[in-house]
Amino acid sequence: MATSKKFPTYQFNILGETINLPLVEDIGKTKEIILVNSTILFSKKGYDAVSIRDIAKVIGIKPSSLYNHYSSKEALFEAVLRHAEDLYLLYFRRLDENLAKCRSLEEMLDLMFSEPKKMGNIFTCYAFSLIQTEQFRDERSGMIMTNTFLEYSINFIKNWLDKAVEKGYADPFDTKTVAVLIMEHVLMSINLRVHECLDRHIPFSYAETFDGLKLIILKLAGR
């Protein structure tokens, strides 16, 4: 029997701005709550160990109600992947808008590093951990990991570092290598947040590492 508890929800913020559900257009609040909680459960237990009944119990609805939205666990998982990718790209759209306002390389780096320093959005950490784990089992997960979480992210960072050079905010430097280095630190930050701190509610900050990385990049860029 379904519980009567309120649907569990999670507060989202992007660059300090609180975002209300639904975050993704055309999904609707109820579906997004299902997707968020499914993502976290799949991430914690693995796809094979989670049933529709498990997800319905966590959310507080009957399994039949969940089937009204998704015809199978496979269909739900596919929707989970699309949702995770959509939210990841939403973050980059907001980041892009704010980077355009920066007037120095230091400002750009501070903005790029503001989220990975603290990894405050719990869902983002679980979504990434899920796709990272499932990439070798599920082809779609592997494509998102490679094309979006890695290649798109690296190219996004490189393009903005190139713009910093073009605008005179930095001397020419190897922006591709630096972009890869930044993403390596982001991945370490996410993995540390998920595997070391999240479930045990340990206070988290990767600020010292990213502050040190910023100083290295500024030195490479002649600043």
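The values are calculated or read from the model by the stated rules, or taken from the named source; none is laboratory data. Keep in mind that what you see is a predicted model, and the values were worked out from it rather than measured. Backbone-built Cβ (ideal geometry, glycine too); neighbour counts: all protein chains shown.
Just a few scattered comments:
- Out of ASP86, ASP171, one residue alone is outside any loop (DSSP other than H, G, I, E, B) and either of a type in the set (D, E, K, R) or modelled with pLDDT under 90 (or both). It is ASP86.
Each row is one residue, and each column tells you yes or no for (1) of a type in the set (Asp, Glu); (2) modelled with pLDDT of 95 or more; (3) more than 19 Å from GLU85 (Cα to Cα).
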site	(1), (2), (3)
ALA127	no, no, no
ASN147	no, yes, no
LYS176	no, yes, yes
VAL194	no, no, no
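- Apart from one condition, PRO203 fits all of (1) touching a residue at least 40 places away in the same chain (Cβ under 8 Å); (2) under 23 Å from the mean Cα position of the chain (by Cα); (3) over 20 Å from TYR91 (Cα atoms); the exception is (1).
- Whichever residue in the stretch 176-196 is of a type in the set (S, T, N, Q) and closer than 16 Å to PHE128 by Cα and, among such residues, is surrounded by the most Cβ atoms within 10 Å (Cβ to Cβ): SER189
- Every condition in (1) in a helix (DSSP H, G or I); (2) more than 30 Å from TYR169 (Cβ to Cβ); (3) not aromatic (Phe, Trp, Tyr) holds for HIS69 except the one numbered (1).
- Any hit, the stretch 150-157, residues being touching a helix residue (DSSP H, G or I) at 6+ places or on another chain (Cβ under 9 Å), in a helix (DSSP H, G or I) and farther than 20 Å from ALA100 by Cα: yes
So that you can scan it fast, the table gives a plain yes or no per residue for (1) without any contact (Cβ under 8 Å) to a residue 24 or more places away in the chain; (2) under 30 Å from ILE34 (Cβ atoms); (3) of a type in the set (A, V, I, L, M, F, W, C); (4) out of contact with any His (no Cβ under 7 Å at 6 or more places or on another chain):
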| residue | (1), (2), (3), (4) |
| --- | --- |
| THR133 | no, yes, no, yes |
| GLU166 | yes, no, no, yes |
| THR175 | yes, no, no, yes |
| LEU192 | yes, yes, yes, yes |
| PHE210 | no, no, yes, no |
| LYS214 | no, no, no, yes |
| LEU220 | no, no, yes, yes |
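- Taking each residue of the stretch 39-50 that is crowded, with 19+ Cβ neighbours inside 10 Å and looking for partners that are not in a helix (DSSP H, G or I) with beta-carbon atoms closer than 6 Å, six or more apart or interchain, yields LEU41/VAL50; PHE42/VAL50.
- The criterion of being surrounded by 20 or more Cβ atoms within 10 Å (Cβ to Cβ), in contact with a Phe, Trp or Tyr (Cβ under 8 Å, 6 or more places away or on another chain) and at pLDDT below 90 does not hold for ILE19.
- Put simply, of ILE131, ILE217, ILE144, ILE190 the only residue that is of a type in the set (Val, Ile, Thr), assigned to a helix (DSSP H, G or I) and more than 30 Å from ASP48 (Cβ to Cβ) is ILE217.
- In the stretch 159-168, the residues that are surrounded by fewer than 19 Cβ atoms within 10 Å (Cβ to Cβ) and assigned to a helix (DSSP H, G or I): ASN159, ASP162, LYS163, VAL165, GLU166
- Of the residues making up the stretch 122-145, none is more than 13 Å from the chain's Cα centre (by Cα), crowded, with 19+ Cβ neighbours inside 10 Å, closer than 21 Å to ALA179 by Cβ and of a type in the set (A, V, I, L, M, F, W, C).
- Within the stretch 57-78, restricting attention to residues that are surrounded by 16 or more Cβ atoms within 10 Å (Cβ to Cβ), closer than 22 Å to SER141 by Cβ and of a type in the set (A, V, I, L, M), the residue that is modelled with the lowest pLDDT is VAL58.
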